[in-house]
Amino acid sequence: MKNQYALVTGATSGIGLEFAKQLAARGYNIIAVARRQQQLQAVVDELPGSSHQYCVADLGRAEGVEAVVKLMAAQHVQLLINNAGYSVLEPFYQSDLSVQQDILNVNCTAVMTLAHTFLRQAQTGDALINLASVVSYLPTPAQPMYSASKAFISALSECLWDEHKGRGVYVMGLCPGVTKTAFILRATGGESDGQTLPEMLIQTTEQVVQEALSALDKRKKSIVITGWVNRMMMLMPRVLSRHRLIKVLSVIGNPDNAL
Ligand SMILES: NC(=O)c1ccc[n+]([C@@H]2O[C@H](COP(=O)([O-])OP(=O)(O)OC[C@H]3O[C@@H](n4cnc5c(N)ncnc54)[C@H](OP(=O)(O)O)[C@@H]3O)[C@@H](O)[C@H]2O)c1
């Protein structure tokens, strides 16, 4: 792994932080990207190895995305983890348009732009992991823009998997279900941590990233759904009518149970 670089967006907490840790343990030099400078510094300081770096960037803004694009032009990155993403749990029509626009910017435009930059310079053996979600296939009415953004990422990842497999560049759409992170706390503005679901429905970041890296080693699947419970839930769209599916998801997708 000497001189192999992995760029991880959203590396200051949750799944991104765990990717940074497990990839550093595998010998990658990590380039950690997020908005909070102090947290980024702490992440880089605590990772095993000494060649890690960070970039402060707000991926909801064109300047932030441009800073990461420039970084990738200056340093060839063998592995891109397009992980930064978020949701807001409030009714679509009641929330400011600027909030919904920012979700689109961070979850879709930044992911697409960084994937494009990465794939144009990718070499045989390189890989791209885009963080989607089980909501790609199970749209939850409590999170319309988030569900739509993750469906975008899954579709984009599957198509890019096919576009690049011939040149030995692997693309994965990673679909976790509920994972123990700050995600729901942030999405509800601190009102709920969403961890009231039965334990069996919740994965740890360690489990999600271990499954992702084991799939990365095999380089076969275009979409990786983590956890057997989440894989079972994928039967729902097959056995339920579309309108019944949405009804069920509107119940289990409330802030305390959100996917
Ligand atoms: N947790 C779940 O249940 C779950 C399930 C399925 C999929 N996912 C997906 O997994 C990914 C990681 O989520 P998580 O659960 O680990 O959430 P998290 O703990 O809230 O972490 C989100 C990360 O994204 C960064 N980020 C957010 N907005 C950003 C922006 N505008 N510019 C740059 N960085 C930004 C945050 O860093 P800063 O605040 O420092 O910028 C943080 O490092 C997301 O794409 C999420 O949709 C999560």
State all residues of the range 205-215 that are surrounded by 14 or more Cβ atoms within 10 Å (Cβ to Cβ) and free of Cβ contacts under 8 Å to residues at least 40 places away in the same chain; if no residue qualifies, say none. Gln207, Glu211
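Condition check ((1) at pLDDT 95 or above; (2) within 8 Å of the ligand (Cβ to nearest atom)) across all residues:
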site: Gly125; (1), (2): yes, no
site: Tyr146; (1), (2): yes, yes
site: Glu158; (1), (2): yes, no
site: Thr181; (1), (2): no, yes
site: Thr196; (1), (2): no, no
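Per-residue answers, yes or no, for (1) without any contact (Cβ under 8 Å) to a residue 12 or more places away in the chain; (2) near the ligand (Cβ under 10 Å from one of its atoms); (3) in contact with a Leu (Cβ under 6 Å, 6 or more places away or on another chain); (4) not small (Gly, Ala, Ser):
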| site | (1), (2), (3), (4) |
| --- | --- |
| Asn3 | no, no, no, yes |
| Thr9 | no, yes, no, yes |
| Gly14 | no, yes, no, no |
| Leu23 | no, no, no, yes |
| Tyr28 | no, no, no, yes |
| Ala32 | no, yes, yes, no |
| Leu47 | no, no, no, yes |
| Ser51 | no, no, no, no |
Sole miss for Ala73 among (1) open to solvent by 40 Å² or more (accessible area, probe 1.4 Å); (2) without any contact (Cβ under 8 Å) to a residue 40 or more places away in the chain; (3) in a helix (DSSP H, G or I) is condition (2)
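Just to check your reading of the model, which residue among Thr181, Thr188 is in contact with a helix residue (DSSP H, G or I) (Cβ under 9 Å, 6 or more places away or on another chain) and either basic (Lys, Arg) or surrounded by 17 or more Cβ atoms within 10 Å (Cβ to Cβ) (or both)?
Thr181
Residues checked against (1) within 12 Å of the chain's Cα centre (by Cα); (2) open to solvent by less than 40 Å² (accessible area, probe 1.4 Å); (3) polar (S, T, N, Q):
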residue	(1), (2), (3)
Gln101	no, no, yes
Val111	yes, yes, no
Thr117	no, yes, yes
Gln121	no, no, yes
Gly125	no, no, no
Asn130	yes, yes, yes
With Gly64, Gly85 as the choices, which residue is more than 14 Å from the chain's Cα centre (by Cα), within 10 Å of the ligand (Cβ to nearest atom) and in contact (Cβ under 8 Å) with a residue 40 or more places away in the chain? Gly64
Checked Gly27, Gly49, Gly85, Gly60 against criteria (surrounded by 21 or more Cβ atoms within 10 Å (Cβ to Cβ) and assigned to a loop (DSSP other than H, G, I, E, B)); the one match is Gly85
Using the structure shown, decide if Gly173 is touching an Asp or Glu at 6+ places or on another chain (Cβ under 7 Å) and open to solvent by less than 80 Å² (accessible area, probe 1.4 Å). yes
Right, Glu158: of a type in the set (Asp, Glu), within 20 Å of Gly227 (Cα to Cα) and open to solvent by 20 Å² or more (accessible area, probe 1.4 Å) or not? yes
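The values are calculated or read from the model by the stated rules, or taken from the named source; none is laboratory data. The structure displayed is predicted, hence computed values, not measured ones. FYI the Cβ positions are ideal-geometry reconstructions off the backbone, even for glycines, and counts take in every protein chain you see. What goes into the accessible areas is simple: the full protein's heavy atoms, side chains included, and nothing from ligands, DNA or RNA. Shrake-Rupley method; radii C 1.70, N 1.55, O 1.52, S 1.80 Å.
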